[in-house]
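Right, one structure below, let's go through it.
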Amino acid sequence: MSGTRVPAALVALAGLGLLFFLLPLAGLLVRAPWDQAVAGITAPETVTALGLSLFCSLAATVVSLVLGIPLALVLAKTSGSLRNVMRALTTLPMVLPPVVGGVALLLAFGRRGLVGSLLDQAFGIQIPFTTAAAVMAETFVAMPFLVIAVEGGLRSLDPRYEEAARALGARGWMVFARVTLPLLRPAIFSGAVLCWARALGEFGATITFAGNFPGRTQTVPVAVYVALETRPDSAIILSLILLAVSLAILVGLRDRWLGTP
């Protein structure tokens with residue numbers, strides 16, 4: 001393909017497509033109040049939102065690792081219709097509108113939800129509009145990225161390594177811990193970083209299920225939405241922070257995720 005000349009019409013359309021992505025970013029950079037950047041980043045409400053976002057996104061990533069790696073293992077070892085159904089359910093949050101995901105979480109874990117009503121009646125636990133709700137919302141939308149990356153890594157593994165370990169007497173957990181997990185480290189790392197990035201930028205499910213309470217559920221994306229109405233300069237600064245994080249992740253993972261040589 002490298003030696004094939006691309007028609008001028010396709011080059012022009014490609015340029016328009018690239019311009020479509022570049023113009024919004026250029027607008028953000030040009031209109032950014034750079035003289036107020038330091039003051040905006042160090043403002044108490046910004047620091048609080050950043051701290052809460054980091055905590056919730058990292059907690060969501062840890063939960064995704066604990067639940068997502070076993071799920072990816074089951075998906076990789078399952079075949080037939082059952083695998084198709086499980087994969088569809090696992091990847092559904094990737095195509096589901098985040099607000100719909102938030103509503104679904106509310107109906108499942110709210111005070112009158114399927115599980116939330118039982119938790120409230122039995123233990124007095126109320127999840128919605130708490131920090132735990134923000135973590136759950138971010139986990140719901142971010143974990144599929146981890147599962148897909150780890151499942152892909154599992155399917156690319158040479159089964160002879162595990163077979164050799166079993167032939168030498170290793171069983172069950174020992175094969176998984178000593179052979180499978182070390183071979184999966186690149187896939188787990190890539191999936192975890194993508195999961196964390198998605199959790200850090202989550203907005204729709206978070207504001208629907210967790211609400212907007214400064215210091216408790218107001219993450220950076222929610223703070224951007226609120227500040228846009230009253231403090232647009234602060235909204236731009238917060239947006240630049242998320243932009244920088246996203247760009248750093250894409251550049252850092254281009255070899256593992258995008259297949260760039």
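The numbers here are math on the coordinates, done by the rules we state, and not lab data. Since this is a predicted model, take the numbers as computed values, not measurements. Quick reminder, even Gly has a Cβ in these numbers, built from the backbone with ideal geometry, and neighbours come from all protein chains shown.
Count Lys and Arg as plus one, Asp and Glu as minus one, and take only other residues whose Cβ is under 13 Å from that of Ala170; the net charge is then +1. Candidate membrane-span-like segments in the chain, meaning DSSP H helices with Cα atoms spread over at least 24 Å of their own axis and a Kyte-Doolittle mean of 1.6 or above, are 8-30, 44-77, 232-252, with no membrane implied. Cβ-to-Cβ counts within 10 Å put Ser239, Ser117 in ascending order as Ser117, Ser239, the fewest first. Note on Leu114 and Leu54: the extension gain reaches 18.6 nm, defined as 0.36 nm multiplied by sequence separation minus the Cα-Cα distance. Entry note, the range 2-155: relative contact order of 30 percent, from Cα contacts under 8 Å with a spacing of 6+ residues. Checking (1) 1.00; (2) 0.96; (3) 1.04 against Rg/Rh (Cα atoms, Kirkwood Rh) calculated from these atoms, the matching label is (3). Under the criterion of Cα pairs below 8 Å and six or more residues apart, the relative contact order for the chain equals 28 percent. Counting only DSSP H runs of at least 4 residues, each contributing -39500 (n - 2.57), and dividing by the residue count of the chain, the helix-based mean residue ellipticity at 222 nm comes to -24000 deg cm²/dmol. By the Kirkwood approach, averaging reciprocal distances over each pair of separate Cα atoms, the range 152-261 gets a hydrodynamic radius of 17.2 Å. Note on Trp34, Trp196, Trp173: ascending count of other Cβ atoms within 10 Å places them as Trp173, Trp34, Trp196, the fewest first. Working note: Cα atoms of the range 144-183, range along each principal axis, descending, whole Å: 34, 17, 13. In a Debye calculation with equal point scatterers on the alpha-carbon sites of the range 1-74 and no solvent, what is log10 I(q)/I(0) at q = 0.13, 0.21, 0.28 Å⁻¹? The Cα Debye sum returns log10 ratios of -0.82, -0.93, -1.15. Each peptide in 40-48, 184-192, 24-32 gets a packing score, the mean of other Cβ atoms within 10 Å over its residues, and the list from highest to lowest is 184-192, 40-48, 24-32.
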